[in-house]
Each structure stands twice: as structure tokens, then as C-alpha cells.
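Below is one structure, written out as C-alpha cells; the observations come after it.
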Amino acid sequence: MRTDFDAIVVGGGPAGTSFARKAAEGGMNVLVIEKKKDFGVPVRCGEGFSERWNQVLEMNVSDADLGARMKGAAVFAPNGKKIVLVNDQTTGYVLERKMFDKRLALEAGRAGATLLPKSLAIGLVKEGNKTTGLRALHEGVEKVFKAPLIVSAEGMEAKIAREAGFDCKYDPYDVDACVEYEMVGVKCEPLIALWFGNEIAPRGYAWVFPKGVDYANVGIGVGGSTGADPKKLLDDFIGNHPEFFGDATVVEVKGGVISVGAPIKKMTSDGFMVIGTAAHQVDPIHGGGIGLAIEAGLIAAKHALKAFESGDYSDAALSGYEKEWRGLEEEKLGKRLKLRHVIEKLSDDDFNHVFNETRSKDLDEVLNGHFQGLAARIVLKRPSLLKVLKVLI
Amino acid sequence: MAVKVNHSKCIGCAGCVGVCPVLALTLEENKLSCDASKCIDCGACIKICPFGALSKGDSK
Ligand SMILES: Cc1cc2nc3c(=O)[nH]c(=O)nc-3n(C[C@H](O)[C@H](O)[C@H](O)COP(=O)(O)OP(=O)(O)OC[C@H]3O[C@@H](n4cnc5c(N)ncnc54)[C@H](O)[C@@H]3O)c2cc1C
């Protein structure tokens with residue numbers, strides 16, 4: 001096989017294959033190195049995908065490709081009070097990522113990208129200070145691939161990006177540790193359901209994401225610095241809700257660790273781009289990163305194509321990707337990080353109080369970054385919360 | 001030092017790889033390993049492992 005490419009992508013998740021599809025469509029010779037033998041397997045994800053991302057995909061997909069339709073979200077306070085929320089962030093799909101990631105890989109291959117599963121990128125190739133390629137173990141044999149552009153789409157691991165000098169390391173405080181079961185026999189409505197509470201999931205939440213009338217992803221994420229045991233908490237949660245799970249059984253064990261902090265400070269350097277979860281491009285409220293990864297992959301490819309045409313792969317040339325991405329996402333994600341830091345400081349009693357004051361319309365506004373109205377009303381009735389909520393006002 | 005991996009508990013989610021401050025952990029396809037010459041025994045990976053698959057190893 002050829003060993004010289006215009007770009008080498010490390011990681012065949014949604015970010016990497018979306019980059020590869022668009023860059024290949026534009027005429028670049030792209031190699032995707034993926035250590036797993038399959039794209040999208042095993043799944044480490046809740047598979048929720050909101051409506052707005054359909055506009056970002058740049059791919060023809062049918063409802064069947066996208067999985068189960070969600071009509072909104074139901075949020076539960078520790079005392080069980082439920083608020084149902086319907087907007088373009090809460091309606092959407094619960095994907096079958098085994099199919100979805102495969103589909104993204106297929107389209108990248110169709111566009112002309114070279115996909116190389118069962119290959120682990122193990123290090124950079126340098127000439128002087130300049131990165132000129134990658135070393136990879138393909139089926140156990142070391143190979144060298146050359147390209148003027150390396151794209152890290154490595155997800156949570158990001159070892160190659162870290163070797164290249166990017167600050168992708170996670171502090172345990174900035175991740176959620178999650179355990180998830182796919183279960184059948186669940187009584188579910190077509191709503192993404194989230195439960196908050198320090199006893200249920202310290203600094204995190206429990207979720208039920210339905211994939212059909214009787215089966216769902218059921219999981220719990222806890223703050224990574226809490227040391228809480230998400231598996232035990234999940235088993236307790238399931239045991240405490242026989243009304244949903246009384247007849248259910250586990251068909252798959254999933255889970256993982258997901259970024260809930262801020263995006264990395266710098267996403268490009270000479271001949272290098274970092275995209276998707278490797279760049280910590282994840283929503284800090286719910287840990288959603290599929291749509292953001294695809295969006296970043298497509299934006300990065302647009303700027304890589306400019307570099308391809310001009311032959312200039314310098315940081316200055318590639319940084320247009322980061323600028324465009326930040327313009328679209330940074331402000332919103334920043335507000336949501338603030339909100340997360342407030343939510344995780346609330347006691348269960350405070351959370352219940354906040355929820356008693358909250359109507360579905362308020363939650364809509366809060367998710368869109370307008371906190372003032374609700375926060376002011378809450379503080380009026382419980383002034384002790386001013387200390388926690390003032391960052392939002 | 002090196003952390004011990006309980007392979008019957010590990011699902012290969014790679015979460016620990018991202019929090020390791022010294023790049024001592026590698027997930028090869030689905031098998032996690034720890035490079036004893038790099039590990040500094042900080043325990044970050046043990047703390048965040050959702051499946052309780054990691055523990056302090058003996059110095060070997
Ligand atoms: C428990 C859990 C639940 C989640 N739920 C949701 C959800 O409901 N909705 C949502 O939108 N997001 C969710 N996420 C987040 C979502 O899974 C990620 O944000 C998304 O997969 C990011 O895509 P990516 O392409 O950036 O990275 P990934 O999908 O992680 O892909 C990275 C790929 O790179 C490969 N790789 C890494 N290093 C190397 C190497 N050195 N050599 C070769 N290959 C390498 C990996 O094998 C992997 O296939 C969840 C995450 C977790 C852990």
C-alpha cells in the first residue's frame with residue numbers, strides 16, 4: 001500500500017471519519033489509522049444525538065439511519081419532580097452507533113479515503129523539529145506513514161496529540177466516569193430522561209436514553225474526582241425503580257470516561273490539528289460530543305483543503321479551523337460549563353427548591369445561556385443560594 | 001511502579017489513558033497495559049476507572 005499521504009488522521013470515530021470524508025471529497029489523499037478492528041465497536045456512549053446536528057452532518061441520512069426518534073427530554077429533581085422540555089436541543093435521536101460510525105466510515109471510504117483498521121499509531125516521525133509522519137503498528141508490524149498534515153481525532157486518549165505538545169491531558173475533576181447498560185424490557189417513553197441528585201450520582205446524573213419501545217441505554221456518570229462507584233450507583237438506581245426496570249435485563253455493558261471541562265486552549269500547530277473529543281470539544285452539561293466531533297471534523301477539513309491548495313500547512317494557515325470552531329461553539333459551551341459548576345454545588349435540598357421554582361420555559365432559557373430571570377427568582381426566595389448562583393447573574 | 005489491570009473488569013474504554021499525567025497507559029485494541037518505567041503511582045487512573053478495574057500494583 002502507499003505510505004505517502006496529504007493527511008493522516010489518527011482515530012476513526014465521528015471526528016476522524018468526517019474529516020476524512022470531506023478532505024477526500026476535496027481531492028486530498030487521506031489515511032485514517034484506527035486501532036480497533038471495526039469502526040464504532042465497541043460502543044462507549046449514550047448515543048443521544050440532538051436534532052440540530054442533522055444540519056451539520058453534510059450527509060444524506062434517513063430516520064432509519066439515525067435510530068430512535070426522541071420527542072424531548074424529561075429532567076427529574078432528587079425529590080422526583082419532573083419537568084419535560086421540548087426544543088431543538090432535546091428532540092432528536094438515540095443512535096445505534098455501531099451502524100452510525102460504520103456509515104460515517106463507509107462514506108469516508110467512498111469519498112476516496114484510505115481506512116486502516118487494526119493499526120495503532122505509536123509515535124511521530126520528525127525531521128529536525130518538523131513532524132513529517134507517523135509510526136504505526138499495523139497488525140503488529142511497525143510501519144511509517146508520511147504526510148504534511150497529522151490530524152488527531154483520538155478521542156479521550158489523545159496520546160499522539162500530547163506527544164505533539166497539545167495540552168489534552170485530563171484532570172479527574174474535568175471528567176465524568178460512567179457505567180451504562182443497554183437493557184431490554186424497560187418501560188420507556190420516547191424522551192431522553194435525566195435524574196439529578198448527589199445520592200443518585202454525585203456531580204453527575206443518571207440517564208435513560210430509549211432506543212425503542214422496550215429497550216434503552218441506562219447509565220450513570222459521576223464526577224471523576226469524587227471517587228464514587230458508578231457501577232454500584234447504577235445497580236442501586238435500577239433496583240430503586242422497579243416501575244421502569246422491574247422486567248428489564250442487560251444486553252450489553254458499556255461505559256467510559258467523558259470530558260466535562262473546557263476545550264483545550266490551542267487546537268493547531270505547524271502540520272497538526274486536534275479535533276473532536278481529543279480537543280475536549282464536549283458539552284460539559286451532558287457529556288455529548290458526537291455532533292461536536294462531526295462539526296469540528298468538517299470545519300477542520302475545510303481549512304485543511306485550503307492548506308492543500310496553497311501548500312502552506314503552517315499553524316497560521318491551519319488556525320482558521322480553530323477560529324471558526326470557537327466562533328460557533330465557544331461562547332455557548334463556556335456558559336454551560338458555568339452552569340455545570342453551579343449545578344454540582346447544589347445540595348439535593350437546594351436542587352429541589354430550584355426545581356420547584358422552575359418551569360419548562362425557564363429551562364429552555366437556561367440551556368440557551370439566559371440564566372438571570374430564573375436565578376433572580378430563586379435567590380429572592382432562598383437568599384442563601386446567592387453565593388452559588390451569583391456567577392450566573 | 002505500575003498499576004495492576006484486572007482484565008476481567010476492564011472494558012477497554014480508555015478513560016484512564018487520558019488522565020494519566022505521564023502517558024504510562026496504552027490501550028492496544030482492547031487490551032490495557034501500564035509501562036512500569038513511566039508510572040508514578042499517582043492513582044488518578046484508579047480513581048476515575050468506572051469499572052474498578054485498576055489497583056495499586058506491587059513494585060516490579
Ligand atoms: C459513557 C459515555 C456516554 C456518552 N454519551 C453520549 C451521548 O449520549 N451523546 C453524545 O453526543 N456523546 C456522548 N458521549 C461522547 C461521545 O462518545 C464522544 O464525544 C464521541 O465519540 C467523540 O468522537 P471522536 O471522533 O472525537 O472520538 P471517538 O469516538 O472516541 O474516536 C476516537 C477513535 O480513535 C481511536 N484511537 C485513539 N488513539 C489511537 C491511536 N493511537 N491509534 C489508532 N487509533 C486510535 C480510538 O480507538 C477511537 O476509535 C458519551 C461518552 C461516554 C464515555
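The values are calculated or read from the model by the stated rules, or taken from the named source; none is laboratory data. Everything quoted here is computed from the prediction, not taken from an experiment. For neighbour counting, all protein chains shown are included, and Cβ atoms are generated from backbone atoms with ideal geometry for every residue, glycine included. For the accessible areas, the whole protein counts, side chains as well, though only heavy atoms, and no ligand, DNA or RNA atoms are used. Shrake-Rupley method; radii C 1.70, N 1.55, O 1.52, S 1.80 Å.
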If R0 = 25 Å, then A:D349 and A:D236, at their Cβ-Cβ distance, give a FRET efficiency to the nearest 0.05 of 0.75
How large is the helix-only mean residue ellipticity at 222 nm for chain A, computed as the sum of -39500 (n - 2.57) over DSSP H runs with n ≥ 4, divided by its residue count, in deg cm²/dmol to the nearest 500? -9500 deg cm²/dmol
Once you put a point 7 Å from the Cα of A:K266 and another 7 Å from the Cα of A:K302, both along the Cβ direction, what distance in nm separates them? 2.4 nm
Cα shape, segment A:254-325, gyration tensor, a/c 1.5 rule: prolate
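Counting protein heavy atoms only and a 1.4 angstrom probe, how many square angstrom of accessible surface do chains B and A bury in total, to the nearest 100?
Interface area, both chains combined: 2100 Å², rounded to the nearest 100.
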If R0 = 45 Å, then B:K56 and A:V41, at their Cβ-Cβ distance, give a FRET efficiency to the nearest 0.05 of 0.90
Among A:G212, A:G246, A:G11, the residue with the largest mean-square fluctuation in a Gaussian network model of chain A built from Cα contacts under 10 Å is A:G246
Looks like segment A:337-392, by Cα gyration tensor root eigenvalues a ≥ b ≥ c and the a/c under 1.5 rounded cutoff (else prolate when a/b is bigger than b/c, oblate otherwise), is rounded
Could you please state how large a percent of the accessible area of the protein assembly as shown is carbon and sulfur, counting protein chains only and using a 1.4 Å probe? 53 percent
If a/c stays under 1.5 just call it rounded; otherwise compare a/b with b/c (prolate if a/b is bigger, oblate if not). Do that for segment A:175-268, with a ≥ b ≥ c from the square roots of the Cα gyration tensor eigenvalues. prolate
In the neighbourhood of A:G221 defined by beta carbon distances under 10 Å, the net charge of the other residues (Lys, Arg +1; Asp, Glu -1) is -1
Per residue in segment B:15-59, which ones lose no less than 50 Å² of accessible surface when going from chain alone to all protein chains (1.4 Å probe)? B:G18, B:V19, B:L23, B:E29, B:K47, B:I48, B:P50, B:F51
Result for segment B:4-55: accessible area per residue, probe 1.4 angstrom, in square angstrom, of 42 Å²
Would you mind counting up the charge near A:G288? Only other residues with Cβ under 13 Å from its Cβ, with Lys and Arg at +1 and Asp and Glu at -1. -1
Between A:K98 and A:V144, what is the label-point separation in nm under the 7 Å Cα-to-beta-carbon projection? 4.0 nm
Determine, from the Cβ-Cβ distance of A:A316 and A:R135 and an R0 of 22 Å, the FRET efficiency 1/(1 + (r/R0)^6), rounded to the nearest 0.05. 0.20
Explain nothing, just compute: Karplus ³J(HN,Hα) = 6.51 cos²θ - 1.76 cosθ + 1.60, θ = phi - 60°, for every residue of segment A:317-328 in order, whole Hz, x for Gly and Pro. 6, 7, 5, x, 4, 5, 4, 5, 4, 4, x, 7
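Which value, in debye to the nearest 20, describes the size of the charge dipole of chain A about its Cα centre when Lys and Arg Cβ atoms bear +1, Asp and Glu Cβ atoms bear -1, and nothing else is charged?
460 debye
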Which one of B:N6, B:C39, B:P21 has its Cα pushed farthest toward the positive end of the charge dipole of chain B, where Lys and Arg give +1 and Asp and Glu give -1 at the Cβ? B:N6
List, largest first, the extents of the alpha carbons of the protein assembly as shown along their principal axes, each in whole Å. 64, 51, 43
Residue-span extension gain [A:V391 to A:V250] - 0.36 nm each, minus C-alpha spacing: 46.6 nm
Work out how much length A:E357 to A:E331 would gain on full extension: take 0.36 nm times their residue separation and subtract the Cα-Cα distance, in nm to one decimal. 6.7 nm
Charge tally in the Cβ shell below 12 Å around A:V9, where Lys, Arg are +1 and Asp, Glu are -1, A:V9 excluded: -1
Sort out for me the Cα centre separation of chain B from segment A:358-386, rounded to whole Å. 41 Å
Under a plain spin-label model, where a point goes 7 Å from the Cα along Cα-to-Cβ, how far apart in nm are A:S384 and A:N79? 1.4 nm
Could you compute how much accessible surface A:Y313 exposes when probed at 1.4 Å, giving the result in Å² to the nearest 10? 40 Å²
